[in-house]
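Everything on this sheet refers to the single structure shown next.
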Amino acid sequence: MAEKVLVLLGTKKGAFIAESNAERRSWKLRGPFCETWPMNHVVADPATGTIWGAGGNEWFGPAVWKSTDLGETWTHSSEGLAYAEGEEPIKAVWSLAKGNGSLYAGVQPAGLFRSDDDGRSWSHVEGLQKHPSRPHWNPGGAGLILHSLVIDPADHDRIWIGISAAGVFYTGDGGKSWEPRNLGTRADFMPEGENYPEFGQCVHNLVMAPGMPNRLYQQNHCGMYRSDDGGKRWVSIEKGLPSTFGFPAAAHPRDPETLYLVPLNGDSAGRYVPDAKAAVWRTRSAGSEWQAMRNGLPQENAYIGVLRQAMATDRLDPAGVYFGTSSGALFASADEGESWIDVTQHLPSILSVETLVVDG
Amino acid sequence: MDNTPAPEARPGAVAAVVVRLPGVLVDLFPGAPRRVEVPAATVRDMVDQLDKSWPGMRDRICDSRPAIRKHINVFVEGERATLKTKLKPGVEVFVLTAISGG
């Protein structure tokens, strides 16, 4: 049966869906959905096609939106998506991931919630808040947000999360107990001699290599890293890249050696692509060597940035790669990054990009 | 058409108030009207009643402190209200979205 590719976009003003066939050359855009709420992360369950959107509205607070008809109609809920009375209320939902029949949500201020009824109601995974480091977590530029959620597909009790700027934390027991996993990642913003703390690093994005649940890649505020032991120790993979700064990371759907990054020119240099020439950087060797993929991307006056959740791959072969810019453009590659087309140019600021492949 | 009996017709019953809701809020709850009458002695009661009719509406108006959300304004007789504000029978309560966003 013919396959349909959906690129799910969370933007500052609603969710959008770009749709194509398996060739991925011609795209149609639908939206805005979710009543134009800011949508930080829109994801789908490949098994059922259900789509969820993580949002937070300045007027109405946090909610998770849901569509069971590929975006045609939506409902929303925040039942149980709350800290205890008197605590700082949740401002927004930032990340979503499905695992072991549960849907997980990362929120701001940083915390983790779980839904066992597909997003209708939520319960707090309290173990993370009880970690002794919690009083010392400091917010990054976007606030104290839990933005990365990685679940081991082979053992759903194993979850890694990324919090800006508390770093990476890991649980092996489904969220009851947690430990920081930041060894080897720098915190350049700390005083000299204190640049490798146990926690407090500014992780920007965290992804798992396919088929290798102990291999994680991380784009950090201060460098790019790989871990081959579930985050116990990280090694730098910056050599060969044009900067140490960027936001998103995207793993290949099948090859654990392949990773995509979008290095930006630096945290205090405008946070554009270097020299205003857009490139996705690809490694085929787990970070040993890098190649700039520019064919079809703007190479002049491209003062663009790409945010932490705004790049993804699809599961087709060859894999599609997609990224959205903070200035509202969506670019797509149907050949693993070799060549690119611009899908659309004038969306609201794109906060997240994910994919869903369904039978057409 | 409002079928709520007049307060004096129900001894001991809480009197109804008139709630005006913003369009951007009712859009989130299919079927919810812009004007609704609910029995309520305080703003908190009023929000509880709205939530009974449209589950989830409380979370859109109030945060978990609990308090009226920062960018939502509830006005009663020209004054900005809190959840504790008492409501006179028949009073009109305006729920408004504040200026926000970019």
The long-range amide H neighbours of residue A:167, using H built 1.01 Å from N in the peptide plane and a cut-off of under 5 Å, are A:200, A:201, A:203
Residues A:335, B:27, B:63 in order from fewest to most other beta-carbon atoms within 10 Å are B:27, A:335, B:63
Taking every residue of B:19-30, the Cβ atoms of other protein chains inside 10 Å of its Cβ average out to 2
So the angle from the long Cα axis of helix B:43-53 to the longest Cα principal axis of chain B, reported in degrees to the nearest 10, equals 90
Restricting to Cα pairs under 8 Å and 6 or more apart, the percent relative contact order of chain B works out to 30
Averaged over residues of A:61-69, the number of beta carbons from other chains lying within 10 Å of each residue's Cβ is 2
For region B:33-102 the trypsin sites (Lys or Arg not before Pro) that pass both the DSSP coil test and the at-most-12 other-Cβ-within-10 Å test are B:34, B:84
Taking the alpha-carbon centre of each part, the distance from region A:183-207 to region A:336-357 in Å is 30
Output for region B:60-102: GluC sites (Glu not before Pro) sitting in coil per DSSP, at most 15 other Cβ within 10 Å, listed by number, reads B:77
Going fewest to most other Cβ atoms within 10 Å around each Cβ, A:204, A:252, A:136, A:131 line up as A:136, A:131, A:252, A:204
Lys and Arg at +1, Asp and Glu at -1: neighbours of residue A:123 with Cβ under 12 Å from its Cβ sum to -2
Scoring chain A by relative contact order with C-alpha pairs under 8 Å, at least six apart, yields a percentage of 13
Residue-ordered couplings for region A:252-268, obtained by feeding phi - 60° into the Karplus form 6.51 cos²θ - 1.76 cosθ + 1.60 and rounding to whole Hz (Gly and Pro as x), are 6, x, 10, 9, x, 8, 9, 9, 10, 9, 10, x, 10, 6, x, 5, 10
Of the convex hull enclosing the alpha-carbon atoms of chain A, the direction-averaged projected area in nm² is 16.4
Expressed as a whole number, the average count of other chain Cβ atoms within 10 Å around the Cβ atoms of B:55-61 is 5
When A:290, A:37 are ranked with the fewest other C-beta atoms within 10 Å first, the list becomes A:290, A:37
Comparing A:15, A:310, A:97 in a Gaussian network model of chain A (Cα, 10 Å), the one with the largest mean-square fluctuation is A:97
Here, GluC sites (Glu not before Pro) of region A:171-267 satisfying both criteria (DSSP loop; at most 11 other Cβ within 10 Å) are A:192, A:194
In the neighbourhood of residue A:70 defined by beta carbon distances under 14 Å, the net charge of the other residues (Lys, Arg +1; Asp, Glu -1) is -3
Between residue A:75 and residue A:129, the FRET efficiency computed from the C-beta separation at R0 = 35 Å comes out, to the nearest 0.05, as 0.80
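Only the coordinates and a few stated rules stand behind these numbers; no lab work does. Since we're looking at a predicted model, the values are computed, not measured. Reconstructed Cβ throughout: ideal geometry from the backbone, glycine too, with neighbour counts over all protein chains shown.
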